[in-house]
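Asker: Got a structure for you, written out below as structure tokens; questions coming shortly.
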Amino acid sequence: TGQRLTQVQTPALKQFHLNDRHLIAIHEQQVSLWDYRQSQQLLQIDLPAPILSSAYRDELAVSTSDKIYLLQVE
């Protein structure tokens, strides 16, 4: 009781990471960041074939075939 289910519509997902406020979604050609409490997209980054490497709290390391990107959620 007292629980609420939030719906966030995103492009097709490969992987995702969830913390207490943010949803980090990995798609075919991009990474997107959502505040799922507000059902609002905060950020979208286009990357060539991103692969989730590591996610911890508000930090995300995303690797591609030749680079690693570090995303920090403010």
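The values are calculated or read from the model by the stated rules, or taken from the named source; none is laboratory data. On a predicted model such as this, the values are computed, not experimentally measured, just so you know. Just so you know, the surface numbers come from the protein's heavy atoms only, side chains and all, with ligands and any DNA or RNA stripped out. Shrake-Rupley method; radii C 1.70, N 1.55, O 1.52, S 1.80 Å.
Asker: For the chain, just run the numbers: alpha carbon Rg, then divide by 2.2 N^0.38 Å, N being how many residues it has.
Answerer: The value comes to 1.11.
Asker: In square angstrom, what is the accessible area per residue of the chain with a 1.4 angstrom probe?
Answerer: Ligands and nucleic acids excluded, the result is 72 Å² per residue.
Asker: Now for a different question. Given a 1.4 angstrom probe, I'd like the percentage of the accessible area of the chain that is carbon and sulfur, rounded to a whole number. All intermediate terms of the calculation are to be shown ahead of the outcome.
Answerer: Numbers: 2560 of 5350 Å².
Carbon and sulfur atoms account for 48 percent of the accessible area of the chain.
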